[in-house]
Amino acid sequence: MIRLLSFTLFFPLVVFPQGNCDCMDALEIKNSLVHSFTSDGAGKVREISETDNKSIYFFEKEHNTGWYKFQIRADGELTLSINPVNGQDDIDFILFRYDFDGFCDRIRNKKFLPVSSNLARSGMGSPPETGLKPGAGQDFAHSGPGNPFSNSIQVKKDEVFYLVVDNVSGAGEYTLQIDLGEKRMKKPEVTDEKYVELKTPFRVKVIDDASGMPLACNFDMAGYQIGEPFRVNEKSEYTFDLSSSQNITLNCNAKGYIFFTKAMMAPPIPFDAKKIPDTVNFEVRLKKVKIGEPVKLENIKFVGDEVAFLPVSRPTLLSLYRFMLDNPTARILVNGHVNAPDMRNIPKLKKLSKDRANAVYDYLVEKGIEPSRIEYKGSGNSKMVYKKPLNAKQEEENRRVEISVISL
């Protein structure tokens, strides 16, 4: 919600690092103006390393990189330009189309390919500029002498892209311009520097359920920003701001503990509000893993009598994935259950429940979790929570997926 105020307010902000950042905290490009950046080093994490030097998709390794993300404003053709201040600098880039959570991890594990790249030599006597432009004649360019431009690509409104720029020559400044499509929009957005957005502060505290003591965990907030969920590592308390009626899903993971997932919505803020809303305090109690104890995966939903996940399943699947990352030696059993009262546990029911457990297995393996760490089975309707459900809620309780930790 945007409103015009006659006074100045100050808010705690999430500040992203300038310069050499990583995929998980990529800088957001919000308009098609020319932006200036300096990259010096490869950030905290080398998402791209030990790559075949003949690859057309990836740098051999990151040298001086900056990661950027942006959202397309209108259907059309994506072009971009990267121009080093020092005309002798050799600039390479890789462009990824974002799909779903775990994207950065899959890049690091070499399980995700870009939509475009250009590793050809620029600078050093060649034109220093590189990027995407119509009619370049190639989607990917390998390292060495060659055309420093790749083809522009067709994009759709609201698609999110991640761009990584590498200055092979050394630390240096460059300008970046990306056509996000503002000129193609049917109704141009109205902006005014005097407008300010009021947000509700949310303070989350995490404690050990048994001892009541503060517990450091990793937070993921799906829906908080474009692209990858916003992540904070090793905190027992964290405060973040939500826009009026904004929906997010909060995930909390700590090694040796069962993960926590909850959908949250900020309260609506009246249009004429003149002060920051009161802080919303929220407590998360994490329980230690008990070997063999079944844990229901909340909000894992499927399409009808099918195996396809509904979108509401995404945050819980992300929590399970994070649990497997934060507990790298854990092995789990995934067990599927169906709602079928007054029926024998026929092979059809067993197969459907097993296929749904298998879908969770496939999700984790696709993201890079070792298959040997996951077992799965289907119990059909043999372990319904409600043998004779009385309403839709009880039917949902029967139609579930559970995990049990086999070993840590």
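The values are calculated or read from the model by the stated rules, or taken from the named source; none is laboratory data. Here the structure is a predicted model, which means the values were calculated and not measured. Every residue, glycine as well, gets a Cβ built from its backbone with ideal geometry; the counts of neighbours run over all protein chains shown. Keep in mind that these areas ignore ligands, DNA and RNA; they rest on the heavy atoms of the full protein, side chains included. Shrake-Rupley method; radii C 1.70, N 1.55, O 1.52, S 1.80 Å.
Annotations
- Over the chain, dividing the summed -39,500 (n - 2.57) contributions of all DSSP H runs of at least 4 residues by the number of residues returns a 222 nm mean residue ellipticity of -3500 deg cm²/dmol.
- Packing rank of 351-362, 142-153, where each peptide gets the mean count of other beta carbons within 10 Å, highest leading: 351-362, 142-153
- Equivalent ellipsoid dimensions for region 62-124 as semi-axes, Å, which come from the Cα gyration tensor, largest first: 24, 17, 10
- Segment Arg331-Lys348, extension gain: residue separation times 0.36 nm, minus the distance between their alpha carbons: 3.3 nm
- Measuring nothing but how far apart in sequence close Cα pairs (under 8 Å, 6+ apart) lie, relative to its length, the chain scores a relative contact order of 15 percent.
- Rounded tilt (10° steps) of 314-326 against the dominant C-alpha axis of the chain: 80
- With 24 Å as the limit, the listed pairs Lys351/Lys388; Lys290/Lys377; Lys199/Lys301; Lys199/Lys235; Lys287/Lys388 have Lys199/Lys301; Lys287/Lys388 beyond it between alpha carbons.
- Set of lysines with alpha-carbon distance to Lys157 below 21 Å, sequence-local pairs under 8 removed: Lys30, Lys69, Lys133, Lys183, Lys186, Lys187
- Share of carbon and sulfur in the accessible heavy-atom surface of the chain [1.4 Å probe, %]: 52
- Which of Met221, Thr249, Val204, positive extreme of dipole for region 191-251 (C-beta unit charges): Val204
- Placing pseudo-labels 7 Å out from each Cα toward the beta carbon at Thr38 and Lys156 gives an inter-label distance of 4.1 nm.
- Here's how it looks for Lys69: its modeled amide H is under 5 Å from those of Leu27, Glu28, Ile29, Leu163, which are all 5 or more places away or on a different chain.
- Amide hydrogen neighbours beyond the local backbone of Val115, cut-off 5 Å, H modeled: Leu95, Phe96, Arg97
- Per residue solvent-accessible surface (Å²) - the chain, probe of 1.4 Å: 50
- Alpha carbon convex hull of the chain, volume per residue in cubic angstrom: 180
- Between Thr51 and Leu390, the modelled labels are 6.0 nm apart [label points 7 Å from Cα along Cα→Cβ].
- Amide H contacts of Tyr257 (H built 1.01 Å from N, under 5 Å, at least 5 apart or other chain): Val289
- Cα pair distances exceeding 17 angstrom across region 309-408, given as percent: 53
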